[in-house]
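Derivation of every value follows stated rules applied to the coordinates shown; laboratory data play no part. Just so you know, these numbers come straight off a predicted model, no measurement behind them. Cβ atoms come from the backbone with ideal geometry, glycine included; neighbour counts cover every protein chain shown.
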Amino acid sequence: MRPADDHAVEDHAKGRIITDAPLSRPVPVALRYDPDAEPATVRFAFPGNIEWSFPRALLESGMRAPARRGDIGVWPCGRVQTVVEFHTAHGVAVVQFDTTALLRFLRHTYAVTASTTTR
C-alpha cells in the first residue's frame, strides 16, 4: 500500500486466468484506488500495461451475488473465490481471485475514504 499522505491505495493480488486449458495461469494484479481522482472507481492493472477501471460498488456487490456493468462482470465462486470477467472486442478474460484479497483491498479503500473525509 502507498503512504497514507498520498491517499491512494495500491494492493497486490494473484489472479488466475481461467481458460479452456486444463490448468489456469497465475497473474499478478495491482489493485488501485485513488479517492482524489476517482472516488467511486477501482482499477485492476495487469502485466503489459493493461488496466481496467470500474465502479467500486460493482466489485463489492459482485462479491455477494452476480453483478454486471458494461464490459465487467463480477460474481462469487464458492465461499472463498471471486471471478471478474473482462469483455473486449477481441474476446473475454476471466480472472479468479481469492475473495480475502479483494475484501482487504475494499477495506483499504474505505479506510482511505474515511480518513480523507474526517480531515
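Which numbered condition trips up residue 46, out of (1) in contact with a strand residue (DSSP E or B) (Cβ under 9 Å, 6 or more places away or on another chain); (2) farther than 15 Å from residue 93 by Cβ; (3) not aliphatic (A, V, I, L, M)?
For residue 46, the exception is condition (2).
In the stretch 56-68, how many are touching a helix residue (DSSP H, G or I) at 6+ places or on another chain (Cβ under 9 Å) and under 18 Å from residue 105 (Cβ atoms)?
Residues meeting the conditions: 5.
Being without any contact (Cβ under 8 Å) to a residue 40 or more places away in the chain and of a type in the set (A, V, I, L, M, F, W, C) is the filter here; which residues of the stretch 54-78 pass it?
54, 57, 58, 65, 67, 72, 74, 75, 77, listed by residue number.
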